[in-house]
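Have a look at the structure below before the remarks.
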Amino acid sequence: MFFETRSRREFVNITRDVHAALQASGIQEGLALVNAMHITASVFINDDEPGLHSDFEVWLEGLAPEKPHSRYAHNGYEDNADAHLKRQVMGREVVVAVTEGKLDLGPWEQIFYGEFDGKRRKRVLVKIIGE
Amino acid sequence: MFFETRSRREFVNITRDVHAALQASGIQEGLALVNAMHITASVFINDDEPGLHSDFEVWLEGLAPEKPHSRYAHNGYEDNADAHLKRQVMGREVVVAVTEGKLDLGPWEQIFYGEFDGKRRKRVLVKIIGE
Amino acid sequence: MFFETRSRREFVNITRDVHAALQASGIQEGLALVNAMHITASVFINDDEPGLHSDFEVWLEGLAPEKPHSRYAHNGYEDNADAHLKRQVMGREVVVAVTEGKLDLGPWEQIFYGEFDGKRRKRVLVKIIGE
């Protein structure tokens, strides 16, 4: 599953895409792993609410500020050390139960791709096992 | 698996409940996924030590303070934005190995439900796959 | 899988060890769970870049300082409360897809054992399921 983000930091709701991958697999009972393939990005589950997403942005900037880029040893050739840190807070992956052919999510659970160093082609892996 | 918490924030040891679910499944080798169904809660593994739990409470309040509620854009109709952030630090889920019919946990590993916006009926999902 | 760390805090690249465990299993399609057995340690995926690792060290000390030990209620008989907190930020485990007999990792993804209270014999669990 590939897609592109338009800004440096962005949250993309990928719940439908994961659901489509599950339906294509035909699996009825099992586990679905959904993970970022990039170490400056995250897959996480939370609320699809724009206010909360702006809270995440402000909060993560407080915990691991992007600038000045020189504050991080990693930023010799790069400028994305903050993205590596932010991704640790938000997590690399989620594992979701599959029950009766559906993602077994709580009422407000939505799956997001969190990009922290974007504007490039990015990839999410969905692996479903079971029967 | 349903239960209720009495305070807004609380850590509940659910290791026995997960073990009971494993025994009921009859599975000997596999993986057990344990996740919160709520986006203001967490399932995590750490030490069952009251001092540490009070350290978690103080630390998480420092990283993502509950008040003033107006500091978060999410808090229009709600007052729980801090709970959404705290849950990201603590994580949504754990995946535990199942070996010879038992949860393959380290000597001090205990599974907790971490509630950050409680006093309501809450649900934890346990999904076990294997044979 | 056992090993020892020489300093209190250390990041060890264990990607090869996990890959060896996968090959020994003979599994072609499935999931690999890799988790710390210790609650003051972490298994996580990020970049194998020394500058970034020193950024992690500085950043985690900022979020959850080790000293003074007396700042944490957990530190009655122990001095490692900060290690319990740091491990929550970095995570306990990773779940990696197994495709065609290989760890299905992104181009820069490397698996690390993050030790926050070391100088002792430590253990990582690798559990692979599939077929």
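Evaluating C:Asp55 against the criteria (1) of a type in the set (D, E, K, R); (2) within 14 Å of chain A (Cβ to nearest Cβ); (3) surrounded by 19 or more Cβ atoms within 10 Å (Cβ to Cβ); (4) not in a helix (DSSP H, G or I) leaves one unmet condition, (4). Could you look through region C:22-37, keep only residues that are outside any strand (DSSP E or B) and out of contact with any Lys or Arg (no Cβ under 6 Å at 6 or more places or on another chain), and pick out the one that is nearest to C:Arg92 (Cα to Cα)? My answer is C:Leu22. Scanning region C:38-78 for residues that are farther than 19 Å from A:Val95 by Cβ and among the small types (Gly, Ala, Ser) returns C:Ala41, C:Gly51, C:Ser54, C:Gly62, C:Ala64, C:Ser70, C:Ala73, C:Gly76.
Can you confirm whether region C:22-31 contains a residue that is closer than 30 Å to A:Phe116 by Cα and either touching a Phe, Trp or Tyr at 6+ places or on another chain (Cβ under 9 Å) or small (Gly, Ala, Ser) (or both)? Scanning region C:22-31 turns up at least one residue that is closer than 30 Å to A:Phe116 by Cα and either touching a Phe, Trp or Tyr at 6+ places or on another chain (Cβ under 9 Å) or small (Gly, Ala, Ser) (or both). Residue by residue through region B:106-131, note down the ones that are within 8 Å of chain C (Cβ to nearest Cβ) and surrounded by fewer than 21 Cβ atoms within 10 Å (Cβ to Cβ). Of everything in region B:106-131, those that are within 8 Å of chain C (Cβ to nearest Cβ) and surrounded by fewer than 21 Cβ atoms within 10 Å (Cβ to Cβ) turn out to be B:Gly106, B:Pro107, B:Trp108, B:Gly130.
Against the condition in contact with a Lys or Arg (Cβ under 9 Å, 6 or more places away or on another chain), of a type in the set (A, V, I, L, M, F, W, C) and part of a helix (DSSP H, G or I), how does A:Leu60 come out, does it pass?
Yes, satisfied.
Whenever a residue of region A:32-43 is at the interface with chain C (Cβ under 9 Å from one of its Cβ atoms), its partners that are of a type in the set (Gly, Ala, Ser), lying with C-beta atoms within less than 6 angstrom and at least six residues away or across chains, give the pairs A:Leu33/C:Ala97; A:Ala36/A:Ser42; A:Met37/C:Gly106; A:His38/C:Gly106; A:Thr40/A:Ala83. Of the residues making up region B:38-49, one or more are under 20 Å from A:Leu60 (Cα atoms) and either surrounded by fewer than 17 Cβ atoms within 10 Å (Cβ to Cβ) or among the polar types (S, T, N, Q) (or both).
No value in this document is a laboratory result; all are computed from the given coordinates. This one's a predicted model, so the numbers in the text were calculated from it and none came from an experiment. Ideal geometry is used to build each Cβ from the backbone, glycine not excepted, and the neighbour counts take in all protein chains shown.
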